[in-house]
Amino acid sequence: MFGKWTTHRTADGVRIPGTWRHAFIHNGDHHFLTDLFIYADGLVDCWELVTVEEFEEKLRTGRVATSLPEGGKASADRLAEWKFSEPQSWLTPELLVAEVRDTIDQLNGRPDSTGRCLAAVDAFFADRTEQNLAAVRAAFLAVPGPQRRYALGSMDHENRPLRILVAGPGNRTCLPSDGTVTQEDYDSALAHVEERAPRTAERVTRVPSDGPATPHAPAVKLYHSSPTRPVDGPGKLGLRHDYPAPITVADTDYPSAAHAYWALLVAEPETRNVIATAETATAARKLAAAAPRREGWEHVRTAVMTHLLRAKYDQHPELAEILLATDGATLIYDDMNSTFWGDNAGQGRNWSGRLLELVRSELRARRAGILGV
């Protein structure tokens, strides 16, 4: 289980809360004991920041290990090395993923699987239909195995009534020690669960003037790529600056927003023209890197990129729809060539992602008719 330890990372200037647990990373012939960090925006740090879906893939392939081999080599960085002898693991890939998803809900103040189970119980007692009882069973089984024992309290006996309610008369619960459920057991469990005390008292919360705090939307990663031609339905690829979506800025045509950025960076007009017609954005970047830059470029580059991105999404409504479809997500922009523009596993400033979020907000404001943006 994830503990109560707290941590955070900063994305787009926003503090993203998180927590962690120990885990083993399988790399080469070693299992490395490390810290597995999980954040409210749905990213997991297991030697790199990944989405929950990518984390599931790492579990599937054994990169994040839940089974430990007899005699396998293991180490804790700068602390110790050893070999496994009669190793036992209480985790499975399915259980760990379920815990990760629950933790993301908890970090966002949303009901986790246990909370959803208890909500289903409340719905059943409000309307005791077989359909609602079936919903209780489904929600109970969706709670990670070890956590089912703590839904109503911290001890097995406190949770036995819920297990009996789910099992029903004549059946056995998920714990063999409970035995077969009798009608008397079931009636007693019904009364106990219905009369349970509220788990938490209602709290008075202060709501900010511009609206209540909202949960962290799942982050969206825009992976490093080098697209060379447009594709049908580009999806998130279309949000890359180097995606070949031609734009016109100040009466000059550019094959992509990246071409325009690199052309405007250089001091020599002749070189700008060469860059503007480069075959790929990668070629444009290399040409710009070899040319003298405009004086003070570092002080204006975010304004230039913002202008170019506005042009891109104004001139390509289909790409604007893709950007808007990211909703309120933090946009994590991979850029292997820049810690200024890219996130780079949490070590960069992610200005590309931040500006895309700004343009996304402007597009929404325009649609809402606010300030004529």
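Every number in this text was worked out from the coordinates using simple rules, so none of it is lab data. Computed from a predicted structure; not experimentally measured. Glycine also receives a Cβ, built like all others from the backbone with ideal geometry; neighbour counts cover every protein chain displayed.
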Peptides ranked, highest mean first, by Cβ atoms within 10 Å: ranges 65-76, 89-100: 89-100, 65-76
Extension gain (nm, one decimal) between Leu79 and Ala345, 0.36 nm per residue minus Cα-Cα: 93.3 nm
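At 10 °C and 1.306 mPa s, what whole-number value in µm²/s does Stokes-Einstein give for the translational diffusion of region 72-152, with Rh from the Kirkwood sum over Cα pairs? Write down the numbers at each step before the final one.
Working: Rh = 15.2 Å.
D, rounded to a whole number, is 105 µm²/s.
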Among Gln88, Ile104, Val44, which residue has its Cα furthest toward the positive end of the charge dipole of region 7-107, with +1 on Lys/Arg Cβ and -1 on Asp/Glu Cβ? Gln88
About its Cα centre, what dipole magnitude does the chain give when the only charges are +1 on Lys and Arg Cβ and -1 on Asp and Glu Cβ, stated in debye to the nearest 20? 620 debye
Pairwise FRET efficiency - Gln183 versus His8, Cβ, R0 = 56 Å, nearest 0.05: 0.60
Report, largest value first, the span of the C-alpha coordinates of the chain along each principal axis, in whole Å. 89, 59, 39
Among Ala120, Gln147, Ala134, which residue has its Cα furthest toward the positive end of the charge dipole of region 72-151, with +1 on Lys/Arg Cβ and -1 on Asp/Glu Cβ? Gln147
How large is the dipole of region 183-336 about the Cα centre if only Lys and Arg carry +1 and Asp and Glu carry -1, each at its Cβ, rounded to the nearest 20 debye? 800 debye
Angle between the chain longest axis and helix 183-194 axis [Cα atoms, degrees, rounded to 10]: 50 degrees
So what is Rg over Rh here for region 1-154, counting just Cα atoms and using Kirkwood for Rh? 1.05
Place the peptides 245-251, 340-346, 104-110 in order of packing, highest mean first, counting for every residue the other Cβ atoms within 10 Å and averaging per peptide. 340-346, 104-110, 245-251
How big is the dipole moment of region 96-151 about its Cα centre under a simple scheme where the beta carbon of each Lys and Arg is +1, that of each Asp and Glu is -1, and everything else is neutral? Debye, nearest 20, please. 120 debye
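In what sequence, highest mean first, do 41-54, 134-147, 358-371 appear when ranked by Cβ atoms within 10 angstrom? Mind dumping the intermediate values first?
Working: 41-54: 18.9, 134-147: 17.0, 358-371: 13.9.
Per-residue Cβ counts within 10 Å, averaged per peptide and sorted highest first, yield 41-54, 134-147, 358-371.
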Expressed as an acute angle from 0 to 90° and rounded to the nearest 10, what is the orientation of the C-alpha long axis of helix 156-167 relative to the principal long axis of the chain? 90 degrees
Setting aside same-chain residues fewer than 8 positions from Lys312, which lysines have a Cα under 16 Å from its Cα? Lys236
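Å³ per residue of the Cα convex hull, for region 269-361?
Numbers: hull volume 11.0 nm³, N = 93.
That works out to 119 Å³ per residue.
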Quickly work out the Val300-to-Asp127 label distance, labels modelled 7 Å from Cα along the C-beta direction, and quote it in nm with one decimal. 6.4 nm
Pop out the Kirkwood hydrodynamic radius of region 113-194 from its pairwise C-alpha distances, inverse of mean 1/r, in Å to one decimal. 12.4 Å
A student asked for the Cα radius of gyration and Dmax of region 324-373 in angstrom ought to give 12.8, 38
Give the share of C-alpha pairs in each 10 angstrom bin for region 1-70, from 0 to the last occupied bin, in whole percents, shortest bins first. 20, 50, 24, 5, 0
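Starting from the Kirkwood radius over alpha-carbon pairs of region 203-362, derive D by Stokes-Einstein at 37 °C in a medium of 0.692 mPa s and give it in µm² s⁻¹.
On the way: Rh = 16.6 Å.
So the translational diffusion coefficient is about 198 µm²/s.
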For Arg293 and Arg367, extending 7 Å from Cα along the Cα-Cβ vector and measuring point to point gives, in nm, a value of 3.6 nm
What residues qualify as long-range amide H neighbours of Ala245, i.e. H under 5 Å apart, gap of 5 or more or another chain, H built at 1.01 Å from N? Ala257
Using only Cα atoms, locate the centre of region 316-373 and the centre of region 1-63, then give the distance between them in Å, rounded to an integer. 24 Å
